Amino acid sequence: HMVAMREQHRLAPTFAIFEPTFLHTVLAYYNANRLPSGAWLKFYFAGHGGYPGTGGGDRRPAPFGLPPTEKALDAYLEIIGACRIPWGVSAMGGDVVACGIAELALRRGGHIHIGLEAYAGPRQPTNAELIDEVVSLARSVGRTPVHHRECADFLGFG
C-alpha cells in the first residue's frame, strides 16, 4: 500500500545512510531491481556538535558513522561503484560547508542535504542563509542547483 501511495503522489523515498551497512542494504534492493523510482541516498556524516538533541557541547563526534572527510566519502562512493542512485551529504552536528564535505560531494557529482536540523557551529544562520551558502558553493564549482519545480523530473518521476 505504501509503495502504491508513494508512486501515486510522486513521493521520492530517501535513504538515511548512517553507516556503510545501511548502504549495502539499499544496494541489495537496487541489485534486485526492487528500489522504487525516485530513490536517493543521504550520507549522514558525524559532525563534532553531537547529534541534534544530544547536547554535543563537548565537541566530540556524534556517536555514529563516519567523519565528514574525503576518505569517508570515498569509502561510500567505492561501495556504490557504478550504481546510479543520486546521493547527497549531510554533516549531522556540524557545518557541511565549513568542514569541506559539501564541496567534495559537489565535485564528485553529489548533492547537499542542508538545514538547521543538521547544523551545529559557532554561527546562528537561518535555513535560507544555509541554502544560499550551498547555492553559491555549487555555482563556484560549476554546478547548477535544481529548482524545486524540476526535482520530480530529476528524481525520475517526470
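A compact table of results
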item	result
Candidate set: the range 138-158, residues that are among the small types (G, A, S) and either in contact with a Ser or Thr (Cβ under 6 Å, 6 or more places away or on another chain) or at pLDDT 95 or above (or both); chosen: the one farthest from V96 (Cα to Cα)	G156
Selection status of V135, outside any loop (DSSP other than H, G, I, E, B), closer than 24 Å to A12 by Cβ and modelled with pLDDT of 90 or more	yes
Residue check for E70: at pLDDT 95 or above, exposed (fewer than 15 other Cβ atoms within 10 Å of the Cβ) and farther than 20 Å from P13 by Cα	yes
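For every residue, the table says whether it meets (1) modelled with pLDDT of 90 or more; (2) assigned to a loop (DSSP other than H, G, I, E, B).
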residue	(1), (2)
P36	no, yes
D58	no, yes
P61	no, yes
F64	no, yes
E78	yes, no
A82	yes, yes
C99	yes, yes
E117	no, yes
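The values are calculated or read from the model by the stated rules, or taken from the named source; none is laboratory data. Only a predicted model underlies this, so the values are computations on that prediction, with no experimental measurement involved. Here Cβ is always computed from backbone atoms with ideal geometry, including for glycine, and neighbour counts include all displayed protein chains.
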